[in-house]
Every structure is written in structure tokens, then in C-alpha cells.
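First up is the structure itself, then whatever we jot down about it.
Derivation of every value follows stated rules applied to the coordinates shown; laboratory data play no part. These numbers were taken from a predicted model, which means no experiment stands behind them. All Cβ positions, glycine included, derive from the backbone under ideal geometry; neighbour counts span all protein chains shown.
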Amino acid sequence: MTKKQRAAEIIARLAREYPDADCSLEYNEAWKLLVSVRLAAQCTDARVNVVVQQLYARFPSVQALAEATVEEIEEIVKPCGLGHSKAKDINACMKVLHETYHDQVPDDFDRLLELPGVGRKSANLIMGDVFGKPAIVTDTHCIRLVNRMGLVDGIKDPKKVEMALWKLIPQEEGNSFCHRLVEHGRAVCTARTKPYCEKCCISDVCKRVMS
């Protein structure tokens with residue numbers, strides 16, 4: 001079985017197993033997803049979803065966050081960890097959105113990467129979830145699972161994993177595939193315990209099980 005054949009089979013099976021997989025960060029405007037994905041670094045999505053409620057109650061717009069002080073933002077977001085760094089990035093990012101983009105999030109990948117605190121993972125998430133464009137989000141679940149499955153071979157660098165997956169995953173499948181990897185990584189192919197291979201829907205095509 002080639003990697004491309006394995007990828008096609010895994011995509012199909014995960015789609016059946018997790019048909020409704022979606023982003024677990026809650027948002028109703030593009031800029032809020034930018035804020036949440038920055039807060040989610042080394043923090044659970046569930047905690048971020050709670051913290052941002054207080055953040056938006058006090059700063060309900062791009063302009064409000066742009067005009068806030070880093071210290072005011074940090075006071076609210078510190079339960080997510082790395083409070084000062086995240087608050088600084090959020091404030092700087094909102095300033096650029098307000099001053100350059102009239103409070104709108106750009107739908108261009110390279111322009112997203114120019115925003116403070118926005119890396120490839122965040123930019124891909126915005127492109128896929130907000131704008132419906134081709135995207136592959138190489139978060140920790142994705143990197144762990146595609147290495148175990150045999151879609152990539154011992155690659156840990158997020159950008160290199162992304163580039164390798166683009167050769168295997170159809171563009172229209174990338175975003176949904178990555179959301180399903182998150183679901184599968186949480187429920188079955190776990191990081192902190194031994195993977196539950198006995199109940200895995202792809203165990204017979206998984207390189208980890210077959211090797």
C-alpha cells in the first residue's frame with residue numbers, strides 16, 4: 001500500500017467515524033478565532049472557551065482590544081498560561097487589524113502570517129474554517145497521528161509535516177481531515193496513554209499496528 005492509498009483509506013474511514021468533526025474553539029467572528037487560537041497554545045480549548053467569554057465581555061471588538069493595555073488583557077487571559085506573551089500578541093494583532101484592515105481578518109495566507117502571533121497553524125485554521133479555503137493544520141494531534149499511521153516518516157517539524165501531507169491529501173479534504181485527527185487523537189490515538197488500537201477504525205491500515 002502506497003502512502004497515497006493509505007491516506008485515501010484513512011480519510012474515508014475517519015470521515016465515517018467523525019462526520020461532524022469541527023473546530024472545538026468557539027467563535028462567531030473571524031477575529032475571535034484569531035484570539036482563541038493564540039490563547040490555545042499549551043492550553044486546552046475548553047479552558048480557552050471559558051476565558052474568552054470574560055475577555056469579550058470587557059473588550060467586545062477589535063478596536064476595544066487594540067486600545068486595551070497588555071496588562072488589562074493579561075489579567076484576564078493568564079489562566080491560559082503564558083499570559084504576558086499571549087496578551088502582547090493579541091493586542092498587537094488587533095492593532096494591525098484595526099489600523100490596516102478596518103477590523104477585518106484578511107483572507108490571504110501570507111498576510112495572515114504577517115500578523116503578530118500568527119504562525120502557519122493559526123493561518124491555516126483561519127483559511128480553512130473561516131474562509132473555506134484549502135488548509136492543513138499541523139497541531140500536536142496531527143503530527144503525532146500521521147507519524148504513527150505512516151503518512152509521514154519521523155517528521156516532527158510542523159511545516160515539514162504540512163508540506164508532506166499536501167502531497168497526499170486532496171486540497172478539499174485537508175481542513176476536515178485535520179479536525180478528524182483531533183477527534184481521533186483525543187478519543188483513540190491518545191498521547192498520554194497507550195493508543196486504543198483495539199477499537200481504532202483504521203488499525204488494519206495503520207503502519208504502527210502493521211509494523
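Structural remarks
- Rg(Cα) / (2.2 N^0.38 Å) computed for the stretch 125-211, rounded to two decimals: 1.06
- Equivalent-ellipsoid semi-axes of the stretch 30-130, from the Cα gyration tensor, Å, largest first: 19, 16, 11
- Using C-alpha pairs below 8 Å separated by at least 6 residues, the relative contact order for the chain is 22 percent.
- Whichever lysines have a C-alpha closer than 29 Å to that of residue 4, once near sequence neighbours (fewer than 8 apart) are set aside: 121, 133, 156, 159, 160, 167, 194, 199, 207
- The charge dipole of the chain, taken about its Cα centre with unit charges on the Cβ of Lys, Arg, Asp and Glu (plus for the first two, minus for the last two), comes to roughly 1200 debye.
- Each Cα pair under 8 Å and six or more residues apart adds its separation to the average, and for the stretch 89-199 the resulting relative contact order is 19 percent.
- Taking the longest Cα principal axis of the chain as reference, the axis of helix 140-149 is set at about 10 degrees.
- Solitary cysteines of the chain, where the nearest other Cys Cβ is not under 4.7 Å: 23, 93, 142, 178, 189, 197, 200, 201, 206
- 0 to 90° range, to nearest 10: angle between helix 45-58 axis and the chain longest Cα axis: 20
- Rounded to 0.05, the FRET efficiency of the residue 69 and residue 110 pair, given R0 = 35 Å and the Cβ-Cβ distance, is 0.70.
- Compared with the dominant Cα axis of the chain, that is its longest principal axis, helix 83-100 is turned about 70°.
- Taking Cα centre as origin and charging only the Cβ of basic (Lys, Arg, +1) and acidic (Asp, Glu, -1) residues, the dipole magnitude of the stretch 30-130 rounds to 340 debye.
- Per residue, the chain reaches -16500 deg cm²/dmol at 222 nm when only DSSP H runs of four or more residues are counted, each adding -39500 (n - 2.57).
- Computed over the stretch 30-130, relative contact order equals 30 percent, with contacts defined as Cα pairs under 8 Å that lie 6+ residues apart.
- Stokes-Einstein D for the chain, Kirkwood Rh over Cα pairs, 37 °C, 0.692 mPa s (µm²/s): 182
- Under 14 Å from the residue 103 label point (7 Å along Cα→beta-carbon), backbone N, the stretch 44-66: 59-66
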